[in-house]
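S.K.: Below are the structure tokens for one structure; questions will follow.
The values are calculated or read from the model by the stated rules, or taken from the named source; none is laboratory data. For clarity, every value in this text was computed on a predicted model and none was experimentally measured. Cβ: placed from backbone, ideal geometry, glycine included. Neighbour counts: every protein chain shown.
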Amino acid sequence: MAKKASKTSEKAINLDSILFNCRDILRAARNSGSFFEKRDMMLTLVFLRFIGEKYEDGVEKLRQTLIDQGLDPDDENIRAAFFDDATFTDGTYNLPPEARWSTIINTPAPKLNVALDTALHGIATSSKDLKGCFVEGTFTTRNLGANDIKKLVDEVNKISHKTLDKEIDLIGRVYEYFLKEFAVNATKEEGEFYTPHDVVQLIATMIEPYDGTLYDPCCGSGGMFIQSAELVKLRQGDLNGINVYGQEKDAATYRLAKMNLALRGISHNLGETNDSSFTHDLHKGLYFSYCMANPPFNLKGWYDDNLKNDPRWADYVTPPDSNANYAWILHILSHLKPRDGVAGFLLANGALNDSDTIEIRRKLIQNDKVEAIVVLPRELFITTDISVTLWILNQNKRGGLYHGRQLRNREYEFLFMDLRTWTENPVKNENKKKVHLTTEQIKSAADIYHFWQAEGTDGSRYEVPELYRSVSMDEIEKKNWALTPSKYIEFIDHDLEIDYPVEMARIQKEMQEIMAAEKQSQKMLEEAFRGIGYGID
């Protein structure tokens, strides 16, 4: 009897437990390859599962539509007209028979490696959008044992959007899992960072990339785009108002991003190939409404002699070759629309006050490009312990209407926020301490920022000690152009809250009581010695 894919009636399955089982299968399997090969094999399997389930859902919807129109979907002529070369309007891809999950899951174990590569070839030749999302020959190259590949496919068969959260960034979530679980040194891999959903949600909620063009110069597996798209859909129902542009240096991760975006039906341009945004900017000359990014922190080895007089930093100075932080800042700035572009991106905290970047930082402040600096809790990221800051750049601080909000003129004002104490929401079942920002906390942070921007707010008096403060450029100049929030936000010395007269009176009373008790004890001891004939001199 043919084996069926996951049933709608199944109870919800924990994705981590499935991936844990897959990890163990791959660890024990012969010929499973390196960490990256294991990860990419798993991601390709999840891709086939995901795209196959979407196809099955699309066929079911099409059948129901035909029935509703009074047509018989099982009629030979109807099937030929509507199913043989089906067209779907929701981003679902029509798959050739050999690429459908129902074909894969029912293939005998000894033939699975060949069947999986046949499926990949069928997809690559039938869809220009999906071509290049994976490496053909992945499974026959590794050639896992029949028992191992069968167990792996059976585990992946449990992954279903009918039993898991439909809005989960599935490809990104699998990518993150194998990044942290498979490789001991995963935190040291250049560019191997996955931005948690709550951090992306914070950035998107603050800068509101709801229309126009969205850019990420180091887009990884596309998680920024996926999660931002979900917020756009929640706000306005569809993605027609926004197009995404990105670039990724690593070839395998570039394929994952293409895979991820294609599966979601998100209009995108990631360039023709993977490449470095510094040495080969695939979107040179283009300007975008928004930028969201999580560049590799403190990246070394980014510089090339050809970049010495690059126009991206012609108005500043060349960023130091020892660290790419300010190269990322200037690259992002060069792609923002000059009149109204907004960027939200993450950098290591060292960028706030590096001595070798002070001239660039001074000019960014004097040119009024920086709008807000937000220090985040340390434990938000799985793959790094580095303390992280959210930067917001804005090409228009002069005010006006923005997403239905009337903004005031904020020229040469800068908002500092410190969220390091927002650590009360731990993530369970992690190998290290991790916290997350709740929806309420994200809204609170965005409200602080949006209210500061709003018409009627007095920036010179906008502050709450230990949380946020609005600062003028003159004050930043006095601090030698440092952007470290703790230099500007008031931190209360809680020892100073003590009522010293009352406290001193309490201490004196306690000391008097102790001294009286000691005198009483001494008196009793003297009397006891006298009672037995001993005197005490």
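S.K.: Among the candidates Gly285, Gly220, single out the residue that is modelled with pLDDT of 85 or more, within 21 Å of Val46 (Cα to Cα) and outside any helix (DSSP H, G or I).
M.R.: On the way: Gly285 fails: within 21 Å of Val46 (Cα to Cα).
None of the other options fit; the residue is Gly220.
S.K.: Among the residues of segment 460-490, what is the count of those that are polar (S, T, N, Q), assigned to a helix (DSSP H, G or I) and in contact (Cβ under 8 Å) with a residue 40 or more places away in the chain? Talk me through it step by step, then tell me what you get.
M.R.: Of the residues in segment 460-490, the ones polar (S, T, N, Q) are 460, 470, 472, 480, 484, 486.
Within this subset, residues satisfying the condition of being assigned to a helix (DSSP H, G or I) are 460, 486.
So of that shortlist, the ones also in contact (Cβ under 8 Å) with a residue 40 or more places away in the chain come out as 486.
Matching residues across segment 460-490 total 1.
S.K.: A further question on this structure: Please go through segment 412-449 and give me each residue that is part of a loop (DSSP other than H, G, I, E, B), of a type in the set (D, E, K, R) and either in contact (Cβ under 8 Å) with a residue 60 or more places away in the chain or in contact with an Asp or Glu (Cβ under 6 Å, 6 or more places away or on another chain) (or both), ordered by number.
M.R.: We begin by selecting, within segment 412-449, every residue part of a loop (DSSP other than H, G, I, E, B); these are 412, 419-425, 427-434, 436-438.
Filter once more, keeping what is of a type in the set (D, E, K, R): 420, 424, 428, 430, 432-434.
Correct list: Lys433, Lys434.
S.K.: Can you say whether Ser221 is under 27 Å from Ser387 (Cβ atoms) and in contact with an Asp or Glu (Cβ under 9 Å, 6 or more places away or on another chain), as far as the supplied structure shows? Show your work before the answer.
M.R.: Working: under 27 Å from Ser387 (Cβ atoms): yes; in contact with an Asp or Glu (Cβ under 9 Å, 6 or more places away or on another chain): yes.
So Ser221 passes the test.
S.K.: Residues to consider are Phe47, Phe82; find the one that is free of Cβ contacts under 8 Å to residues at least 24 places away in the same chain, buried (at least 16 other Cβ atoms within 10 Å of the Cβ) and not polar (S, T, N, Q). Give the derivation first.
M.R.: On the way: Phe47 fails: free of Cβ contacts under 8 Å to residues at least 24 places away in the same chain.
From the options Phe47, Phe82, the qualifying one is Phe82.
S.K.: Another one. Please verify whether segment 337-357 includes one or more residues that are among the basic types (Lys, Arg), at pLDDT 95 or above and either assigned to a helix (DSSP H, G or I) or crowded, with 22+ Cβ neighbours inside 10 Å (or both).
M.R.: Within segment 337-357, none of the residues are among the basic types (Lys, Arg), at pLDDT 95 or above and either assigned to a helix (DSSP H, G or I) or crowded, with 22+ Cβ neighbours inside 10 Å (or both).
S.K.: Here is a further query. For segment 97-130, which positions are of a type in the set (Val, Ile, Thr), in a helix (DSSP H, G or I) and surrounded by 15 or more Cβ atoms within 10 Å (Cβ to Cβ)? Step through it out loud before you land on a result.
M.R.: Applying the first criterion (of a type in the set (Val, Ile, Thr)) to segment 97-130 yields 103-105, 107, 114, 118, 123, 125.
Filter once more, so that each one left must be in a helix (DSSP H, G or I): 103-105, 114, 118, 123, 125.
If the condition is that a residue be of a type in the set (Val, Ile, Thr), in a helix (DSSP H, G or I) and surrounded by 15 or more Cβ atoms within 10 Å (Cβ to Cβ), then Thr103, Ile104, Ile105, Thr118, Ile123 are the ones that fit.
S.K.: Is there a residue in segment 317-330 that is farther than 22 Å from Ser221 by Cα, free of Cβ contacts under 8 Å to residues at least 12 places away in the same chain and surrounded by fewer than 16 Cβ atoms within 10 Å (Cβ to Cβ)?
M.R.: The initial filter retains those residues of segment 317-330 that are farther than 22 Å from Ser221 by Cα, namely 317-323, 326, 330.
Still in the running and free of Cβ contacts under 8 Å to residues at least 12 places away in the same chain: 318.
Pick out the ones that are also surrounded by fewer than 16 Cβ atoms within 10 Å (Cβ to Cβ) and you get none.
Checked segment 317-330: no residue is farther than 22 Å from Ser221 by Cα, free of Cβ contacts under 8 Å to residues at least 12 places away in the same chain and surrounded by fewer than 16 Cβ atoms within 10 Å (Cβ to Cβ).
S.K.: Scanning for something modelled with pLDDT under 95 and either in contact with a helix residue (DSSP H, G or I) (Cβ under 6 Å, 6 or more places away or on another chain) or more than 22 Å from Thr423 (Cβ to Cβ) (or both), does segment 359-373 turn up at least one residue? Steps first, answer last, please.
M.R.: So the first thing to find is which residues in segment 359-373 are modelled with pLDDT under 95, and the list is none.
Checked against the condition, which is being modelled with pLDDT under 95 and either in contact with a helix residue (DSSP H, G or I) (Cβ under 6 Å, 6 or more places away or on another chain) or more than 22 Å from Thr423 (Cβ to Cβ) (or both), segment 359-373 yields no hits at all.
S.K.: Testing Lys308 on (1) surrounded by fewer than 19 Cβ atoms within 10 Å (Cβ to Cβ); (2) on the phi < 0 side of the Ramachandran plot; (3) within 21 Å of the chain's Cα centre (by Cα); (4) not small (Gly, Ala, Ser), one condition comes back false. Which one is that?
M.R.: Tallying (1) surrounded by fewer than 19 Cβ atoms within 10 Å (Cβ to Cβ); (2) on the phi < 0 side of the Ramachandran plot; (3) within 21 Å of the chain's Cα centre (by Cα); (4) not small (Gly, Ala, Ser), Lys308 fails exactly one: (3).
S.K.: If you go through segment 447-487, how many residues are among the aromatic types (Phe, Trp, Tyr) and under 18 Å from Lys369 (Cβ atoms)?
M.R.: First, pick out the residues of segment 447-487 that are among the aromatic types (Phe, Trp, Tyr): 449, 451-452, 462, 468, 481.
This time we only want the ones that are under 18 Å from Lys369 (Cβ atoms), so: 449, 452, 481.
Matching residues across segment 447-487 total 3.
S.K.: Of the numbered conditions (1) more than 21 Å from Leu483 (Cα to Cα); (2) of a type outside the set (S, T, N, Q); (3) surrounded by 18 or more Cβ atoms within 10 Å (Cβ to Cβ), Gly400 satisfies every one except a single condition; which is it?
M.R.: Condition not satisfied by Gly400: (3).
S.K.: May I ask you to list the residues in segment 97-112 that are free of Cβ contacts under 8 Å to residues at least 60 places away in the same chain and more than 33 Å from the chain's Cα centre (by Cα)? Steps first, please.
M.R.: Residues of segment 97-112 free of Cβ contacts under 8 Å to residues at least 60 places away in the same chain: 97-100, 103-104, 107-112.
Correct list: Pro97, Glu98, Thr103, Thr107, Pro108, Ala109, Pro110, Lys111, Leu112.
S.K.: From the list Tyr245, Tyr254, pick out the single residue that is aromatic (Phe, Trp, Tyr) and over 25 Å from Met42 (Cα atoms).
M.R.: On the way: Tyr254 fails: over 25 Å from Met42 (Cα atoms).
Just a single option satisfies the conditions, and that option is Tyr245.
S.K.: Right, something else. Working only within segment 238-284, note down all residues that are of a type in the set (Gly, Ala, Ser), more than 20 Å from His161 (Cα to Cα) and free of Cβ contacts under 8 Å to residues at least 60 places away in the same chain. Full working, then the answer.
M.R.: Of segment 238-284, the ones of a type in the set (Gly, Ala, Ser) are 241, 246, 251-252, 257, 262, 265, 267, 271, 276-277.
Adding the requirement that they be more than 20 Å from His161 (Cα to Cα) leaves 241, 246, 251-252, 267, 271, 276-277.
Gly241, Gly246, Ala251, Ser267, Gly271, Ser276 - these are the residues of segment 238-284 that are of a type in the set (Gly, Ala, Ser), more than 20 Å from His161 (Cα to Cα) and free of Cβ contacts under 8 Å to residues at least 60 places away in the same chain.
Yes/no per residue for (1) more than 17 Å from Gly399 (Cα to Cα); (2) of a type in the set (Ser, Thr, Tyr); (3) modelled with pLDDT of 95 or more:
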residue: Lys434; (1), (2), (3): yes, no, no
residue: Thr439; (1), (2), (3): yes, yes, no
residue: Phe451; (1), (2), (3): no, no, yes
residue: Gly456; (1), (2), (3): no, no, no
residue: Arg461; (1), (2), (3): yes, no, no
residue: Pro465; (1), (2), (3): yes, no, no
residue: Arg469; (1), (2), (3): yes, no, yes
residue: Asp474; (1), (2), (3): yes, no, yes
residue: Asn480; (1), (2), (3): yes, no, yes
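S.K.: So Lys249 ticks every box in (1) surrounded by 19 or more Cβ atoms within 10 Å (Cβ to Cβ); (2) in contact with a Gly (Cβ under 7 Å, 6 or more places away or on another chain); (3) over 23 Å from Thr279 (Cα atoms) but one. Which box is left unticked?
M.R.: With respect to (1) surrounded by 19 or more Cβ atoms within 10 Å (Cβ to Cβ); (2) in contact with a Gly (Cβ under 7 Å, 6 or more places away or on another chain); (3) over 23 Å from Thr279 (Cα atoms), Lys249 is out only on (3).
S.K.: Out of the residues in segment 252-271 meeting the condition of being at pLDDT 90 or above and assigned to a loop (DSSP other than H, G, I, E, B), tell me which one is nearest to the chain's Cα centre (by Cα).
M.R.: Within segment 252-271, the match that is nearest to the chain's Cα centre (by Cα) is Leu270.
S.K.: What is the residue count in segment 289-336 for residues that are of a type in the set (D, E, K, R) and not in a loop (DSSP other than H, G, I, E, B)?
M.R.: Taking segment 289-336 as the starting set, the residues that turn out to be of a type in the set (D, E, K, R) are 300, 304-305, 308, 310, 312, 315, 321.
In the following step, the residues that additionally are not in a loop (DSSP other than H, G, I, E, B) were identified as 305, 312.
Number satisfying all stated conditions: 2.
S.K.: Moving on to the next point. Could you please give the count of residues in segment 280-305 that are under 22 Å from Asn269 (Cβ atoms) and either of a type in the set (Phe, Trp, Tyr) or buried (at least 22 other Cβ atoms within 10 Å of the Cβ) (or both)?
M.R.: The total comes to 8.
S.K.: So which of Asn21, Asn31, Asn77, Asn94 is part of a loop (DSSP other than H, G, I, E, B), modelled with pLDDT of 80 or more, surrounded by fewer than 19 Cβ atoms within 10 Å (Cβ to Cβ) and at negative phi? Write out each step before concluding.
M.R.: Numbers: Asn21 fails: part of a loop (DSSP other than H, G, I, E, B); Asn31 fails: at negative phi; Asn77 fails: part of a loop (DSSP other than H, G, I, E, B).
Just a single option satisfies the conditions, and that option is Asn94.
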